[in-house]
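Visitor: Submitted below is the structure of interest, expressed as structure tokens.
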Amino acid sequence: MASLVIQDLHASIGDKPIVKGLSLTINSGEVHAIMGPNGTGKSTLAKVIAGHPDYTVTGGNVLLDGKSVLEQEADERARAGLFLAFQYPSEIPGVSIANFLRAAVQARMAEGEEIDATAYYKRLYSKMDMLKIDRKFTSRAVNEGFSGGEKKRCEILQMAMLEPKFALMDETDSGLDIDALRIVSDGVNTLRGPGLGVLLITHYQRLLNHIVPDFVHVMYDGRIVKSGDKSLALELESKGYDWVRKEFAPAAA
Ligand code: ADP
Ligand code: MG
């Protein structure tokens, strides 16, 4: 069983601390949701774990299967089994999804190892069937003229092809229309299982009606201030975040 352990993590952008002592353990097979008001560092957390170069870790550790990933570049972390959804949000005109995914799979293989084209397409099509994605989809250029839902479909397919140990999904409020919401939730529900751990970041309780998490955490001011099961998400939905702000307002702020 794989584990992703975040230990008392501190991270800054420039000299501004954003993540301020956050600890969380995710085991494979588990879906954890992080919720919290805007600006509390949720997206920063995902990017720090994935190895985004703009952020500086100033304390603590992130361990994948007991081994610190902090000295690894983002691509090494990806090869080790971490997947950050929306790593490639921009359009890549002229590059089909099929070729893009192939390059992504190739990039995660050991040096000198080559993808076998027949095997690749066989795997691609079986993942597409599993996710109920039309074959025509993969000849489209990456994100070019995509709707929110199509971007999500591309992202979920990428996740299915890369078979990460842990997927970090940052579902920002924008871009999640009903169509996109359904694609994300169907995709995650299809892919979730004993081999995959998911960290799902969302501002919306709504998504958690469709992807029922095993654990829910409330993040505020760079830390997890409360953890519980799926009922915590319902509580947040009915109470909003004001009580979090009151109860956990930073002292002397
Ligand atoms: P959330 O995802 O919870 O809304 P973010 O992680 O996006 O929060 O942002 C946390 C804080 O970090 C905010 O105060 C935001 O303004 C700041 N921040 C995020 N990215 C940058 C950046 N690239 N440069 C400077 N400040 C940033
Ligand atoms: Mg965010």
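Visitor: Checking residue 90 against (1) small (Gly, Ala, Ser); (2) surrounded by 11 or more Cβ atoms within 10 Å (Cβ to Cβ); (3) without any contact (Cβ under 8 Å) to a residue 60 or more places away in the chain; (4) closer than 25 Å to residue 48 by Cβ, which single condition isn't satisfied?
Guide: Status for residue 90: all satisfied but (2).
Visitor: Counting only residues that are touching a residue at least 40 places away in the same chain (Cβ under 8 Å), assigned to a loop (DSSP other than H, G, I, E, B) and over 24 Å from the mean Cα position of the chain (by Cα), how many does the stretch 220-253 have?
Guide: 0
Visitor: When you scan the stretch 25-63, how many residues do you find that are touching a residue at least 40 places away in the same chain (Cβ under 8 Å) and in a loop (DSSP other than H, G, I, E, B)?
Guide: Going through the stretch 25-63 one residue at a time, the tally reaches 9.
Visitor: Six or more apart or on different chains, Cβ under 6 Å: which pairs go from a residue in the stretch 6-24 that's free of Cβ contacts under 8 Å to residues at least 12 places away in the same chain to one that's assigned to a strand (DSSP E or B) and surrounded by fewer than 20 Cβ atoms within 10 Å (Cβ to Cβ)? Could you list them?
Guide: Here the result reads none, with nothing in the stretch 6-24 linked to a residue that is assigned to a strand (DSSP E or B) and surrounded by fewer than 20 Cβ atoms within 10 Å (Cβ to Cβ).
Visitor: Among the listed residues 208, 191, identify the single one that is more than 16 Å from ligand 1 (Cβ to nearest atom), more than 15 Å from residue 152 (Cβ to Cβ), in contact (Cβ under 8 Å) with a residue 24 or more places away in the chain and among the aliphatic types (A, V, I, L, M).
Guide: 208
Visitor: Within the stretch 28-69, restricting attention to residues that are of a type in the set (Asp, Glu) and away from ligand 2 (no atom under 16 Å from the Cβ), which residue is farthest from the chain's Cα centre (by Cα)?
Guide: Of everything passing the filter in the stretch 28-69, 65 is farthest from the chain's Cα centre (by Cα).
Visitor: Do you know which residues across the stretch 204-220 are among the β-branched types (Val, Ile, Thr) and under 9 Å from residue 34 (Cβ atoms)?
Guide: 216, 218
Visitor: Can residue 2 be described as buried (at least 20 other Cβ atoms within 10 Å of the Cβ) and not polar (S, T, N, Q)?
Guide: Spelling it out, it is not the case that residue 2 is buried (at least 20 other Cβ atoms within 10 Å of the Cβ) and not polar (S, T, N, Q).
Visitor: Starting from residues that are at pLDDT below 90 and in a loop (DSSP other than H, G, I, E, B), keep the ones in the stretch 201-219 and report whichever is nearest to ligand 2 (Cβ to nearest atom).
Guide: 203
Visitor: Sort out which residues of the stretch 150-169 are touching a Lys or Arg at 6+ places or on another chain (Cβ under 8 Å) and modelled with pLDDT under 90, and write them in order of number.
Guide: The one that is touching a Lys or Arg at 6+ places or on another chain (Cβ under 8 Å) and modelled with pLDDT under 90: 150.
The values are calculated or read from the model by the stated rules, or taken from the named source; none is laboratory data. The structure displayed is predicted, hence computed values, not measured ones. When we count neighbours, we look across all protein chains shown, and the Cβ atoms used for this are built from the backbone with ideal geometry, even at glycine.
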